[in-house]
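Chemist: The structure that follows is given in the form of structure tokens.
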Amino acid sequence: MIFLETQRERMARKLNTLENEWGEELTLVDEEGVYPDSRYRILRELEVDGRHYAVLSASEERDPDAFIFRVSQKDGGPRLEHVDDEDEWDHVTDALDDMLYLGD
């Protein structure tokens with residue numbers, strides 16, 4: 001049990017950086033102009049293996065899907081990026097499952 005707890009803590013850590021900076025909701029702007037600006041709620045932030053991720057859901061939806069974004073720093077502020085790599089996606093969702101089902 002102690003080994004699993006230590007391994008889980010090393011793998012993922014809860015964060016609240018975006019929420020502290022922007023509040024519980026934010027507006028995503030499509031820089032390419034393909035999609036309209038949309039409001040999202042920050043459900044969870046976590047660090048996995050030294051990288052920052054945010055789990056968001058659309059504010060307007062009754063039964064919303066969750067979306068995972070990588071958070072990077074650009075021009076002195078946070079920037080949300082899609083996670084396109086399947087292995088990275090799986091690694092983050094596993095860490096998120098651990099946080100949600102085994103506790104923060």
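The values are calculated or read from the model by the stated rules, or taken from the named source; none is laboratory data. Only a predicted model underlies this, so the values are computations on that prediction, with no experimental measurement involved. Counting neighbours? That spans all protein chains shown, and the Cβs are built from the backbone with ideal geometry, glycine included. Note: accessible area is taken over every heavy atom of the protein model, side chains too, but ligands, DNA and RNA are not part of it. Shrake-Rupley method; radii C 1.70, N 1.55, O 1.52, S 1.80 Å.
Chemist: Among the residues of segment 22-53, how many are open to solvent by 60 Å² or more (accessible area, probe 1.4 Å), among the β-branched types (Val, Ile, Thr) and assigned to a strand (DSSP E or B)?
Modeler: 1
Chemist: Count, please, the residues in segment 54-95 that happen to be in a loop (DSSP other than H, G, I, E, B) and out of contact with any helix residue (DSSP H, G or I) (no Cβ under 6 Å at 6 or more places or on another chain).
Modeler: Narrowing segment 54-95 to residues in a loop (DSSP other than H, G, I, E, B): 59-65, 75-76, 83-85.
Next cut, out of contact with any helix residue (DSSP H, G or I) (no Cβ under 6 Å at 6 or more places or on another chain) only: 59-65, 75-76, 84-85.
Here the count works out to 11.
Chemist: Write out, first by first residue and then by second, each pair whose Cβ atoms fall under 9 Å of each other, whose residues are 6+ apart or on separate chains, and whose first residue, in segment 32-55, is under 13 Å from Glu88 (Cα atoms) and touching a residue at least 12 places away in the same chain (Cβ under 8 Å) while the second is among the polar types (S, T, N, Q) and in a strand (DSSP E or B).
Modeler: Arg51/Ser72; His52/Ser72; His52/Gln73
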